[in-house]
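Undergrad: Pasting a structure below so you can have a look.
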Amino acid sequence: MRVYDIIFKKRNGQKLLKEEIDFLIFKYNNGDMPDYQMSAFLMATFLNGMDDDETFLLTDAMINSGDRMDLSFLDMPIADKHSTGGVGDGTSFIVLPIVASLGICVPMIAGRGLGHTGGTLDKLESIPGFRTSIDKKEFIDILESSGAAIIGQTFEIAPVDKKMYALRDSTATVESISLISASIMSKKIAEGAKSLVLDIKAGSGAFMKKDSDAKKLAQKMINIGKNFGLNILAVVTDMNSPLGNCVGNSLEIEQAINILKGKLKNDLSELSIYLSALMILNVKKTSSLKEAQDLAQKQIDNGKALEKFTEIIRLQGGNTKVVDNPDDVLPKAKYSKRFMAKKSGYISNIDTRSVGIAEMLTGAGREKKEDKIDYSAGIIFHKKLNEYVKKDEAIADLIYNSSDHIDEAEMIMSDAYIIYNNEDKNINMAGKVYDKRIIELL
Ligand code: URA
């Protein structure tokens, strides 16, 4: 068998066999196949796609490139959730303590931010001392004592995905339904989750711009999960405006603490309760979604979710004083610049990807993997999508230490926000109504 022939077959739109996919992934993982051949294969797959059988086989081959954890000895339901990424998506560290406080084990392996999307690991690392680089033994020890941990891909969980993702990122082959499905599902299955909730984002701040593509991605991932025996649910959610009241690493941690204290309610808290409820329902702890939502809310109201978050911070080496005094513990930026409305009207459209880019330019994100980030930088929103704003009223504050790219960030924000002074506040420029986050539960 030759790698060339497999690329040739995919280039011509033919279906690949198990032995071909296994051979290709095995060779690439072992360093016996050059990046230029994998790049050609990725582009052929991007252009011609893979059917459900091939995507399942690719996922299986990627899982087999590393360890597959067996956490069944923990004697607890083992659940996880994955969001496909967006702007201000800080649901993971709100959902995880809510769900884990109910005795559900959550072995979460999360990622870093790149380009316009933020990363859960970066946000958590803005808490002084918080470690996400944890080996397998310590990960299992933490899971045994607290039932939850959030770590980076530090040991051999689908290692080939790391190499393939880096190549996809530099060869414009990220937004492929088959490749995204295999990438995410290989990691989730290898980490040992038995129950999975997927939050598939759709809109201007997501990989999938159209609801119909997000649904196709969700369905593909559900099919793979079912083939591996997972209890799996997927929900398509809207990413046509940033989630929550701010973006930025320490800003989002402070916001999450306020949500877990029950002091703040917004679209992020609502989505977090909803995703927690899906996880609770999916492990059959309740028999209805409503009951599960009430239970998730109860864990906030009785302080149990906040207690669990404090425990996770302590076990992962973070300064737990952050919970009582986030202002004293989290890094703070020196400067802020107000971004104001140029005219009165309703905010009828937000190019959410651009807001993510503006966030990156404050210093809060990275353009290239090796860039350093400023944990204290970001954006605080004063007005959300569909809200009325008066001329010269504040829409957002840019928060920063280095002013190197602030003028550019402000220009990008200015192009990203469309203000419409027609009285019909629910119609954006694309003529679509955006009044809720949940698009469809599959
Ligand atoms: N997140 C992943 O882990 N993989 C992808 O391909 C896209 C998002």
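The values are calculated or read from the model by the stated rules, or taken from the named source; none is laboratory data. What you see is a predicted model, and the numbers here were worked out from it, not measured in a lab. Every residue, glycine among them, receives a Cβ derived from its backbone with ideal geometry; neighbour counts consider all protein chains shown. Note: areas computed on protein heavy atoms with side chains; ligands, DNA, RNA excluded. Shrake-Rupley method; radii C 1.70, N 1.55, O 1.52, S 1.80 Å.
Undergrad: Going through region 1-19 one residue at a time, which ones are touching a Lys or Arg at 6+ places or on another chain (Cβ under 8 Å) and crowded, with 20+ Cβ neighbours inside 10 Å?
TA: The one that is touching a Lys or Arg at 6+ places or on another chain (Cβ under 8 Å) and crowded, with 20+ Cβ neighbours inside 10 Å: 16.
Undergrad: Do we have any residue at all in region 203-225 that's within 14 Å of the ligand (Cβ to nearest atom), among the polar types (S, T, N, Q) and farther than 30 Å from residue 127 by Cβ?
TA: no
Undergrad: Which residues, counting only those in region 111-126, are surrounded by 22 or more Cβ atoms within 10 Å (Cβ to Cβ) and either among the aromatic types (Phe, Trp, Tyr) or in contact with a Leu (Cβ under 7 Å, 6 or more places away or on another chain) (or both)?
TA: 126, the sole residue that qualifies.
Undergrad: Test residue 44 against the stated conditions and say whether it is part of a helix (DSSP H, G or I), free of Cβ contacts under 8 Å to residues at least 40 places away in the same chain and more than 18 Å from residue 177 (Cβ to Cβ).
TA: no
Undergrad: Does residue 98 qualify as being open to solvent by 10 Å² or more (accessible area, probe 1.4 Å), among the β-branched types (Val, Ile, Thr) and in a helix (DSSP H, G or I)?
TA: Spelling it out, it is not the case that residue 98 is open to solvent by 10 Å² or more (accessible area, probe 1.4 Å), among the β-branched types (Val, Ile, Thr) and in a helix (DSSP H, G or I).
Undergrad: Right, something else. Taking the options 333, 292, 358, name whichever one is surrounded by 18 or more Cβ atoms within 10 Å (Cβ to Cβ) and more than 17 Å from residue 246 (Cβ to Cβ).
TA: On inspection, the qualifying residue turns out to be 292.
Undergrad: Can you find a residue that is assigned to a helix (DSSP H, G or I), modelled with pLDDT of 95 or more and surrounded by 22 or more Cβ atoms within 10 Å (Cβ to Cβ) anywhere in region 65-72?
TA: No, every residue in region 65-72 fails to be assigned to a helix (DSSP H, G or I), modelled with pLDDT of 95 or more and surrounded by 22 or more Cβ atoms within 10 Å (Cβ to Cβ).
Undergrad: Here is a further query. Taking residue 33 as the residue in question, decide whether it is within 16 Å of the ligand (Cβ to nearest atom) and touching a helix residue (DSSP H, G or I) at 6+ places or on another chain (Cβ under 6 Å).
TA: Criteria not met by residue 33.
Undergrad: Can you tell me how many residues within region 111-131 are assigned to a loop (DSSP other than H, G, I, E, B) and either more than 28 Å from residue 362 (Cβ to Cβ) or within 16 Å of the ligand (Cβ to nearest atom) (or both)?
TA: Within region 111-131, residues that are assigned to a loop (DSSP other than H, G, I, E, B) and either more than 28 Å from residue 362 (Cβ to Cβ) or within 16 Å of the ligand (Cβ to nearest atom) (or both) number 7.
Undergrad: Okay, moving on. Could you please give the count of residues in region 101-110 that are open to solvent by 10 Å² or more (accessible area, probe 1.4 Å), in a loop (DSSP other than H, G, I, E, B) and either within 13 Å of the ligand (Cβ to nearest atom) or touching a strand residue (DSSP E or B) at 6+ places or on another chain (Cβ under 8 Å) (or both)?
TA: Number of matching residues: 1.
Undergrad: Next question. Which of the numbered conditions does residue 313 fail, given that it passes all the others? Conditions: (1) outside the structural domain of residue 398 (by TED's automatic domain parsing); (2) in contact with a strand residue (DSSP E or B) (Cβ under 9 Å, 6 or more places away or on another chain); (3) among the β-branched types (Val, Ile, Thr).
TA: For residue 313, the exception is condition (2).
Undergrad: Could you check, for region 226-236, whether at least one of its residues is of a type outside the set (A, V, I, L, M, F, W, C), assigned to a helix (DSSP H, G or I) and open to solvent by less than 10 Å² (accessible area, probe 1.4 Å)?
TA: Checked region 226-236: no residue is of a type outside the set (A, V, I, L, M, F, W, C), assigned to a helix (DSSP H, G or I) and open to solvent by less than 10 Å² (accessible area, probe 1.4 Å).
Undergrad: Report, by residue number, each residue of region 170-198 that is closer than 15 Å to residue 38 by Cβ, near the ligand (Cβ under 9 Å from one of its atoms) and in a helix (DSSP H, G or I).
TA: Passing the criteria: 179, 182, 183.
Undergrad: Further, regarding this structure: Which helices (runs of 4 or more DSSP H) sit wholly inside region 287-391 and have at least 2 residues that are in contact with a helix residue (DSSP H, G or I) (Cβ under 9 Å, 6 or more places away or on another chain) and farther than 30 Å from residue 170 by Cα?
TA: So the answer is 289-301, 304-315, 321-324, 326-329.
Undergrad: Condition (residue is farther than 28 Å from residue 21 by Cα and part of a loop (DSSP other than H, G, I, E, B)) applied to region 152-161: is it met by at least one residue?
TA: Looking through region 152-161, none of the residues is farther than 28 Å from residue 21 by Cα and part of a loop (DSSP other than H, G, I, E, B).
Undergrad: Could I ask something else about it? Consider region 139-163. How many of its residues are more than 16 Å from the ligand (Cβ to nearest atom), surrounded by 16 or more Cβ atoms within 10 Å (Cβ to Cβ) and without any contact (Cβ under 8 Å) to a residue 60 or more places away in the chain?
TA: The number of residues fulfilling the criteria is 1.
Undergrad: Mind checking which residues of region 289-323 are closer than 19 Å to residue 273 by Cα, of a type in the set (D, E, K, R) and under 23 Å from the mean Cα position of the chain (by Cα)?
TA: 308
Undergrad: Between a first residue in region 378-400 that is of a type in the set (Lys, Arg) and a second residue that is surrounded by fewer than 17 Cβ atoms within 10 Å (Cβ to Cβ), which pairs have beta carbons less than 8 Å apart while being 6 or more apart in sequence or on different chains?
TA: 383/393; 383/394; 390/344; 391/342; 391/343; 391/344
Undergrad: Continuing with this model, one more query. What number of residues within region 60-94 satisfy the criterion of being of a type in the set (A, V, I, L, M) and either within 20 Å of residue 206 (Cα to Cα) or within 16 Å of the ligand (Cβ to nearest atom) (or both)?
TA: 4
Undergrad: Moving on to the next point. What residue, among those in region 342-367 that are over 17 Å from residue 332 (Cα atoms) and charged (D, E, K, R), is nearest to the chain's Cα centre (by Cα)?
TA: Of everything passing the filter in region 342-367, 353 is nearest to the chain's Cα centre (by Cα).
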